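What follows is a single structure, written as structure tokens, with notes after it.
The values are calculated or read from the model by the stated rules, or taken from the named source; none is laboratory data. Remember, predicted model here, so these are calculated numbers, not experimental data. Cβ: placed from backbone, ideal geometry, glycine included. Neighbour counts: every protein chain shown. Only protein heavy atoms, including side chains, enter the accessible area calculation; ligands, DNA and RNA are left aside. Shrake-Rupley method; radii C 1.70, N 1.55, O 1.52, S 1.80 Å.
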Amino acid sequence: MCVVAALAPVNPQLAYQYGIWLAVIALLTSGRMPRLGPVDCLAVLLCVWATATSMWTQDQAATEVAVYAWWTVALLLLAARHVMNTRRRLLLVAVAFLAGTTWAAIELISVGGTTEPSLLRQGIDGVGINYTAYSLATGMVVSLMLWAARTGSRTTRTALLLAVPVLGYATVITGTRASLIAVILVALYVFVNSAVKQAWVAAVAVSAVLLLAVPFSNLGQYSPGWLDDTFDRPLEDLSGRLLIWPIAEASFWESPLLGIGAGAFPGTNPYYGVGAHSLLLALGNDVGIVGIAIFVALIGFVLRDAAPATGKRNRMLVGALIVAWTPIWLSGHWEISPAAWLVLAVWSRLPLAVTPRRSPRRHRRADEPPLPALVVARGDVWRVGHVNAAVRVPRGLSGSVQAAAQPLPRR
């Protein structure tokens with residue numbers, strides 16, 4: 001799983017090609033039978049439903065490719081959750097993912113690759129620029145998780161701090177607005193979360209509202225110019241998204257319950273032949289409302305398993321992931337990404353890495369009665385008042401009993 005985690009941010013095609021077999025190998029060589037929880041069952045159910053859409057799809061070839069991708073990411077999720085049953089294994093997978101994103105960032109900065117001079121964007125050869133940018137932004141959230149988990153020695157934690165500016169600069173040179181917004185929002189969220197206990201709840205609620213409102217209510221058409229001015233991108237239609245969203249919405253309403261088939265929308269899209277570039281519109285066209293409901297339930301159970309109610313750090317990390325992924329979900333394709341599903345697996349095992357701090361011992365109130373004090377006599381075993389515990393006294397100690405106690409017979 002560490003190999004796939006390191007590979008997914010750098011070369012997703014290899015992750016798709018070999019990920020499903022590596023996941024099967026990890027499951028077979030673990031020596032244990034998988035114990036399927038709600039997250040695992042929902043992932044399998046979503047894949048079964050995506051496979052079923054091949055019976056009514058509008059593009060059979062595209063659906064076969066999409067179904068293979070769904071099964072790949074689902075098996076990666078199952079295998080990762082199954083393998084990461086200890087803190088050490090969880091941190092190894094997370095570190096491998098961060099290493100992969102850092103390697104992608106270094107390659108992007110030092111070597112370059114695909115460049116769009118007119119748009120001031122730079123990417124890695126053979127990999128979509130947006131995918132690379134989304135992986136880099138997600139890598140910064142993973143580095144935050146490793147920091148919160150107090151991973152490794154002081155040297156390791158210093159390396160985590162040094163990775164953040166590298167990932168940040170690489171994200172900037174990709175020119176992907178969703179990732180840049182994600183990084184800024186995560187920084188603001190971490191600051192707000194330190195003062196607001198339930199900030200993660202607000203983050204989840206706002207994310208749900210935006211994901212539903214932006215593509216379906218044409219909110220993006222009111223004032224998209226500020227994004228162009230802010231990020232120096234001369235595209236008033238948000239890189240074609242304002243043209244694609246109405247078409248994707250119309251396609252969705254043709255078969256809202258079942259969808260038109262997994263992966264079928266790009267083949268029916270008259271503009272550029274690309275996807276919907278919106279989580280709900282992409283899922284709605286691929287697997288319909290049924291698939292959307294399964295996907296939302298899966299995310300909900302992942303957040304539940306991350307246990308935000310158990311500690312401040314858990315809440316912060318749950319909210320940080322949602323805040324980072326909201327602009328990506330709003331404007332990109334991240335729903336069948338191997339990097340995304342591996343990170344979901346890590347977050348579903350978050351309590352293994354992030355243990356809530358124990359509260360300090362409570363001081364006795366002034367009006368509380370004193371506990372019975374025991375100053376023991378040599379070699380005897382005493383049962384003390386209401387404490388209901390036997391205390392064996394080592395020889396060589398002496399003292400006196402200052403509470404009602406009776407010696408027990410020696411064994």
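Worth a mention:
- Taken over the stretch 264-282, the criterion of being part of a helix (DSSP H, G or I) and open to solvent by less than 40 Å² (accessible area, probe 1.4 Å) is satisfied by 265, 279, 280, 281, 282.
- The set of residues in the stretch 134-188 that are within 11 Å of residue 105 (Cβ to Cβ) and of a type in the set (Ser, Thr, Tyr) comprises 135, 169, 171, 174.
- Scanning the stretch 96-128 for residues that are open to solvent by 60 Å² or more (accessible area, probe 1.4 Å) and among the polar types (S, T, N, Q), we see that the one that is modelled with the highest pLDDT is 110.
- Taken as a whole, the condition of being open to solvent by 50 Å² or more (accessible area, probe 1.4 Å), without any contact (Cβ under 8 Å) to a residue 40 or more places away in the chain and more than 30 Å from residue 288 (Cα to Cα) does not apply to residue 86.
- Residue among 214, 209, 201 that alone is modelled with pLDDT of 90 or more and either within 30 Å of residue 247 (Cβ to Cβ) or open to solvent by less than 20 Å² (accessible area, probe 1.4 Å) (or both): 209
- Note on the stretch 323-341: among residues that are among the β-branched types (Val, Ile, Thr) and open to solvent by 10 Å² or more (accessible area, probe 1.4 Å), the one that is nearest to residue 196 (Cα to Cα) is 323.
- Tally of residues being open to solvent by less than 30 Å² (accessible area, probe 1.4 Å) and either of a type in the set (Val, Ile, Thr) or out of contact with any Leu (no Cβ under 6 Å at 6 or more places or on another chain) (or both) across the stretch 11-51: 8
- Taken together, the residues in the stretch 188-198 that are at pLDDT 90 or above and either buried (at least 21 other Cβ atoms within 10 Å of the Cβ) or within 18 Å of residue 299 (Cβ to Cβ) (or both) amount to 1.
- Within the stretch 141-165, no residue that is over 19 Å from residue 312 (Cβ atoms) sits with its Cβ atom under 6 Å from a residue that is acidic (Asp, Glu) and open to solvent by 50 Å² or more (accessible area, probe 1.4 Å) at 6+ positions apart or across chains.
- The test for being aliphatic (A, V, I, L, M), more than 25 Å from residue 241 (Cβ to Cβ) and open to solvent by 30 Å² or more (accessible area, probe 1.4 Å) holds for residue 159.
- Residue match in the stretch 288-297 (condition: under 26 Å from residue 40 (Cβ atoms), open to solvent by 10 Å² or more (accessible area, probe 1.4 Å), free of Cβ contacts under 8 Å to residues at least 40 places away in the same chain and within 16 Å of the chain's Cα centre (by Cα)): yes
- Within the stretch 33-138, helices (runs of 4 or more DSSP H) holding 2 or more residues that are closer than 20 Å to residue 5 by Cβ, in contact with a helix residue (DSSP H, G or I) (Cβ under 7 Å, 6 or more places away or on another chain) and of a type outside the set (A, V, I, L, M, F, W, C): 60-83, 87-110
- Being open to solvent by less than 10 Å² (accessible area, probe 1.4 Å) and over 28 Å from residue 200 (Cα atoms) is a description that does not apply to residue 247.
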